[in-house]
Amino acid sequence: MARNFRTLDDMGDIAGKRVLVREDLNVPMADGRVTDDTRLRAAVPTVAELADKGAKVLILAHFGRPKGQRNPEMSLALVTRPFEQVLGRPVRFIDHEGAAEAIATMQDGDVAILENTRFDAGEEKNAPETVARLAALGDLYVNDAFSAAHRAHASTEGLAHQLPAFAGRQMEAELDALDKALGNPEHPVAAVVGGAKVSTKLDVLKHLVGRVDHLIIGGGMANTFLAARGVNVGKSLCEHDLTGTADEIFDAADKAGCTIHLPYDVVVAKEFAPNPPSLRICNVHEVASDEMILDIGPAATEALGDVLKTCRTLVWNGPLGAFETPPFDAATMALARTVAALTREGSLVSVAGGGDTVAALNQAGVAGDMTFVSTAGGAFLEWMEGKELPGVKALAG
Ligand code: ADP
Ligand code: MG
């Protein structure tokens, strides 16, 4: 497959060059400590490679939502030491004021973090003067933050038009994985879409019916589709006002030759609590009016595994049940293990993403067995909606 973006391999000799690298350093913190350093670790390969090649590496990133105002609690100075530890080499912090002078003192191979890009109100507006100010600080631009690529900001989009632009290693891996899953996948392709509500994933569902061979719907959103088919879903989470939309999705799938799979057995309870006494498994047509569907049933889960055995590619967003509360995690855990096994065997390319989906895969202990797990949240969902992400589009020149 031909790529339409350039990578670090295409940068030529970068010794002595000032390289602006957009990373996602927006880590969660509590009491001055980074509570999850996943994003810091993800930035290391690109930053280390550029520094090893002798570039002067200036990292651009946002931190929190300061809304164009200076806010000491959202200063990237707080993240500089933690990143230095993860990178294993010194990292300087550079403020916006006097940035050019500070960068002029950097040696080849030095790494620095520029203060929060969002302290400048022009960042989120993609203002030409902000783009120009940042562009003047570098010779080359690398975007390594797929998770921020759904925003057309100065540091995520504008700069790509002002400096020679390249995808960082993280961005490259993400784009390649997503292309394999939905851009140019091997068929048959299955999509599993779960989660709480249809309304949050309407555009995802509409896009997928035209691209995949099997659309497997689970989670709370399956209830809306079941209701559209005339099933009484009792007290279940269900968007009754969207049953018309569900019908449209059924029709679109029919036309596109996409098979929609809904569960035929479910796990129900009268109260939403861990291991409730009212727990039972039943056919979808046997849900009582005082019960709610909290997971898909074991027969449906097994059937779903059988569908995946016939597929070459899977894209997965959204848990199949209320997985935070046992035993309503059963279907999601079982599916995760099946997908992991099929991926390990080499019969399935599996790409998964979404905040709760990643948490569920970690809970199942199989995140590492997937072909690719996207932690990009909003950007991942927009990509699943078939949208062109401005930060990615800009890299294509
Ligand atoms: P992601 O973050 O991976 O995109 P979502 O946020 O769309 O996923 O959905 C995850 C949420 O959906 C979880 O909190 C889960 O408890 C909830 N959920 C899944 N199935 C059901 C259900 N049957 N009833 C109520 N909530 C559900
Ligand atoms: Mg979520």
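The values are calculated or read from the model by the stated rules, or taken from the named source; none is laboratory data. The shown structure was predicted, so the numbers you read here are calculated from the model rather than taken from an experiment. Quick reminder, even Gly has a Cβ in these numbers, built from the backbone with ideal geometry, and neighbours come from all protein chains shown.
A few comments on the model shown:
- Scanning the stretch 381-397 for residues that are more than 20 Å from residue 142 (Cα to Cα) and either assigned to a helix (DSSP H, G or I) or more than 16 Å from ligand 2 (Cβ to nearest atom) (or both) yields 381, 382, 383, 384, 386, 387.
- Selection within the stretch 246-272 - among the small types (Gly, Ala, Ser), farther than 19 Å from residue 320 by Cα and in contact with a Lys or Arg (Cβ under 9 Å, 6 or more places away or on another chain): 252, 256
- Leading residue by the ranking (surrounded by the fewest Cβ atoms within 10 Å (Cβ to Cβ)) among those in the stretch 236-247 that are outside any loop (DSSP other than H, G, I, E, B) and touching a residue at least 40 places away in the same chain (Cβ under 8 Å): 245
- Residue within the stretch 228-235 that is within 16 Å of ligand 1 (Cβ to nearest atom), surrounded by 24 or more Cβ atoms within 10 Å (Cβ to Cβ) and at pLDDT 95 or above present: no
- Exactly one residue out of 157, 186, 172 is touching a Lys or Arg at 6+ places or on another chain (Cβ under 6 Å) and at pLDDT 95 or above: that is 186.
- Among residues of the stretch 337-360 being over 23 Å from residue 258 (Cβ atoms) and small (Gly, Ala, Ser), the one that is farthest from ligand 2 (Cβ to nearest atom) is 346.
- Search result, residues across the stretch 6-42 that are among the polar types (S, T, N, Q) and part of a loop (DSSP other than H, G, I, E, B): 26, 35
- Only one of 166, 250 that is of a type in the set (Phe, Trp, Tyr), in contact with an Asp or Glu (Cβ under 9 Å, 6 or more places away or on another chain) and modelled with pLDDT of 95 or more: 166
- Criterion: at pLDDT 95 or above, within 27 Å of residue 189 (Cα to Cα) and out of contact with any strand residue (DSSP E or B) (no Cβ under 8 Å at 6 or more places or on another chain) - qualifying residue of 274, 319, 263: 319
- The set of residues in the stretch 43-73 being touching a helix residue (DSSP H, G or I) at 6+ places or on another chain (Cβ under 8 Å) and at positive phi consists of 64, 67, 68.
- Counting only helices (runs of 4 or more DSSP H) that sit wholly inside the stretch 69-151, those with at least 2 residues that are modelled with pLDDT of 95 or more and aliphatic (A, V, I, L, M) are 77-87, 99-104, 128-135.
- The listed residues are 369, 329, 306, and the only one of them that is charged (D, E, K, R) and within 14 Å of ligand 1 (Cβ to nearest atom) turns out to be 329.
- Enumeration of residues in the stretch 236-271 that are among the hydroxyl-bearing types (Ser, Thr, Tyr) and away from ligand 1 (no atom under 12 Å from the Cβ): 243, 245, 259, 264
- Restricted to the stretch 215-232, and to residues there that are on the phi < 0 side of the Ramachandran plot and in a loop (DSSP other than H, G, I, E, B), the residue that is nearest to ligand 2 (Cβ to nearest atom) is 218.
- Contacts under 8 angstrom Cβ, first residue in the stretch 67-85 being buried (at least 18 other Cβ atoms within 10 Å of the Cβ), partner assigned to a helix (DSSP H, G or I), 6 or more apart: 74/118; 74/119; 79/40; 82/40; 83/40; 83/43
- Selection from the stretch 177-212 of residues that are among the acidic types (Asp, Glu) and closer than 21 Å to residue 332 by Cα: none
- Residue satisfying all of: in the stretch 313-324; of a type outside the set (A, V, I, L, M, F, W, C) and closer than 20 Å to residue 383 by Cβ; farthest from ligand 2 (Cβ to nearest atom) among these: 313
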